[in-house]
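Each remark here refers to the structure printed beneath this line.
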Amino acid sequence: MKNGSNIQEFGILLNKAIASQVKVQTHWCKVLKVDWEEKLMDVEGIADELPFYNVQLGQGSFYRKPKIDSICLIGIISGEEGSTFLIDATQFEEAIWISGESTMTIQEEGFIFKQSDESLRNVLGDFMSQFGKLCDELNKVVVSIGTTPNIPVIEGIKNQVETQIKDRLNNILIG
């Protein structure tokens, strides 16, 4: 699916709705099936069990993946059941925001921040690795006059960064 193509289609449909002075209708539904690759879902009306197929999960810059069996609110443009889109849902597995080459993903397991192919998690991981090497080199320093570096403190900081802080980052940043 090409970025922006859905938003153009959405704009055309909204213009039709405005021109015909038919408001966007809403419908409470239950999520039956989600095709996350195509960014579409199938739902069933709560009140009337009316099925809606290929409901759009977003319009190009923001997509949400609702959980199966969750309740959602869909919009129907110009009364055309084939022109439906997700407004909101009670539960989501994932949400993606896209702005140019930047992507932010929220999943139940954590967050993914990317700029092009560069991941924030990878950058921070590289930083942690280099910081560990710095601490290793500091441990080699011998001061001939005065006091020497406190090796146990340096090692403690290194271990804390490599284990505790890295683990905390990995719990938040998953990609």
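The values are calculated or read from the model by the stated rules, or taken from the named source; none is laboratory data. Every value quoted in this text rests on a predicted model; they were computed, and no experiment measured them. With ideal geometry, Cβ positions are generated from the backbone for all residues, glycine too; neighbour counts draw on all protein chains shown. Keep in mind that these areas ignore ligands, DNA and RNA; they rest on the heavy atoms of the full protein, side chains included. Shrake-Rupley method; radii C 1.70, N 1.55, O 1.52, S 1.80 Å.
Thr90 contributes about 90 Å² of solvent-accessible surface, heavy atoms of the protein only, 1.4 Å probe. Can you give me the % of accessible surface on the chain that is carbon or sulfur? Probe 1.4 Å, all protein chains present, nothing else counted. Heavy-atom surface of the chain belonging to carbon and sulfur, 1.4 Å probe: 54 percent. Taken along its principal axes, the alpha carbon cloud of region 39-78 reaches lengths of 32, 27, 14 Å, longest axis first. Annotation for Trp97 and Ile12: the two label points, set 7 Å from Cα along the Cα-Cβ direction, are 3.0 nm apart. Taking 0.36 nm per residue of separation and subtracting the Cα-Cα distance, full extension of the segment from Trp36 to Ile71 would add 10.9 nm.
Calculated mean residue ellipticity, 222 nm, the chain: -9000 deg cm²/dmol, from DSSP H runs (n ≥ 4) at -39500 (n - 2.57) each, averaged per residue and rounded to 500. Of the Cα atoms belonging to region 63-175, the radius of gyration and Dmax stand at 23.5, 85 Å.
Residue order by solvent-accessible surface for Glu109, Glu38 is Glu109, Glu38, largest first, with ligands and nucleic acids left out and a 1.4 Å probe. Keeping all protein chains in the complex and leaving out DNA, RNA and ligands, what accessible area do you get for Asp126 with a 1.4 Å probe, in Å² to the nearest 10? Approximately 100 Å² for this residue.
Surface exposure of the chain, expressed per residue as accessible area with a 1.4 Å probe, stands at 63 Å².
Do the alpha carbons of any pairs in Lys33/Lys114; Lys140/Lys166; Lys65/Lys114; Lys133/Lys166 sit beyond 26 Å of each other, and which pairs? Cα-Cα > 26 Å for Lys33/Lys114; rest within.
The value of relative contact order for region 98-175, using C-alpha pairs under 8 Å at least six residues apart, is 38 percent.
Entry note, region 37-175: relative contact order of 16 percent, from Cα contacts under 8 Å with a spacing of 6+ residues. Annotation: Ile106 carries an accessible surface of approximately 60 Å², with a 1.4 Å probe and no ligand, DNA or RNA atoms counted.
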